[in-house]
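The structure appears below as structure tokens.
The values are calculated or read from the model by the stated rules, or taken from the named source; none is laboratory data. All values reported here derive from a predicted model rather than from experimental measurement. Note: ideal-geometry Cβ built from the backbone for every residue, glycine included; neighbour counts use all protein chains shown. Accessible surface is based on the protein model in full, side chains and every heavy atom, while ligands, DNA and RNA are left aside. Shrake-Rupley method; radii C 1.70, N 1.55, O 1.52, S 1.80 Å.
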Amino acid sequence: MAYENILFEVTDGVAVITFNRPKALNAINGALLNELSAALDEIEGNEDIRVLVLTGAGDKAFVAGADITELATFNTLQGKLFSRKGQLIFNRLQEMAIPVVAAVNGFALGGGSEIALASDFIYASENATFGLPEITLGIIPGFGGTQRLARLVGINRAKEMIFTGSMVPAPEAEKIGLVNRVFPQDKLMDETLKTAKGIAKKGKVSLREAKKAVNTGLNVELGIGCQIEADAFGICLASPDAKEGTGAFIEKRKAVFKGSLLK
Ligand code: CO8
């Protein structure tokens, strides 16, 4: 598919989706959501892709939220459908079999913060700014922000951000656990790709099972979570990657994971 609102490229097993509407600070409209969904289809159909990185075009914004000019035209039903459409696509990011890393290179506001929150973890540039400013527009976060932010940074911090709509600069976002690491702007992509390429060398089945165990386990009590982990552990152990990983250790060589999810 030819994309107009995103850039999509794959290098060394790492797919990079760049939100690309620089004139609107990469704001999310319906067309961008459709393209994001199509790109996720492409990724899920390509066994060679092992990690997905999300970033924004230019040096000012990751994504400055949903496109306000489009939002302003919606009636109740259209608003609900758009919210649900975004939620389902962002849920897909969270549930994808491969790790998803957000490289936040500027404003990540509203829907922009919400995409980043649906990733497995966030790296940010020093000039990155997070926030859920929907309250200042007379609306609320509608792409999962009320749910994921509270789970990540705690209920009270999430409510403070959502009720005030205030901007949270990268160093503070790192302090409250919203962001894993902060880099100078010109180093962000190199550092993110370094981590992504390192992850891409790991076993695909074990990455999928680790992600699933953490995500699913968070929604259940600890005992059930540990059972989920044991099941996931068993699946990994039966995979060719586990044979390669343990065999390589015993033979004192570096493991080379083939990374199929299908065998
Ligand atoms: N939507 C549309 N256009 C935008 C957006 C946006 N979210 N953000 C910026 N732009 C446009 C501006 O209108 C401007 O366009 P133009 O040059 O044609 O006037 C251009 O991008 C550059 O922006 P600014 O001139 O405003 O740049 P500044 O550096 O002065 O300010 C800010 C940067 C602070 C990021 C400012 O642009 C801003 O506040 N943007 C809006 C941020 C915001 O409120 N985001 C939340 C949107 S609502 C949302 O995300 C809801 C998600 C859930 C939806 C659920 C479905 C219903």
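Structure notes:
- Residues of the range 119-140 satisfying the condition of being under 20 Å from Q87 (Cα atoms), open to solvent by 10 Å² or more (accessible area, probe 1.4 Å) and not small (G, A, S): D120, F121, P133, E134, I135, L137, I139, I140
- Residues that are over 18 Å from L36 (Cβ atoms) and more than 10 Å from the ligand (Cβ to nearest atom) within the range 118-137 comprise F121, Y123, A124, S125, E126, N127, A128, F130, listed in sequence order.
- Subset of the range 64-96 (residues that are more than 8 Å from the ligand (Cβ to nearest atom) and open to solvent by less than 30 Å² (accessible area, probe 1.4 Å)): I89, F90, L93, M96
- Filtering the range 1-18 to residues that are open to solvent by 20 Å² or more (accessible area, probe 1.4 Å) and of a type in the set (A, V, I, L, M) leaves M1, A2, L7, V10.
- Residue in the range 105-117 that is farthest from the ligand (Cβ to nearest atom), counting only those that are within 10 Å of the chain's Cα centre (by Cα) and over 16 Å from I140 (Cβ atoms): A116
- Complete set of residues in the range 141-158 that are without any contact (Cβ under 8 Å) to a residue 40 or more places away in the chain and open to solvent by 80 Å² or more (accessible area, probe 1.4 Å): Q147, L152, I155, N156, R157
- Hits in the range 99-118 (condition: in contact with a Lys or Arg (Cβ under 6 Å, 6 or more places away or on another chain) and open to solvent by less than 10 Å² (accessible area, probe 1.4 Å)): G106
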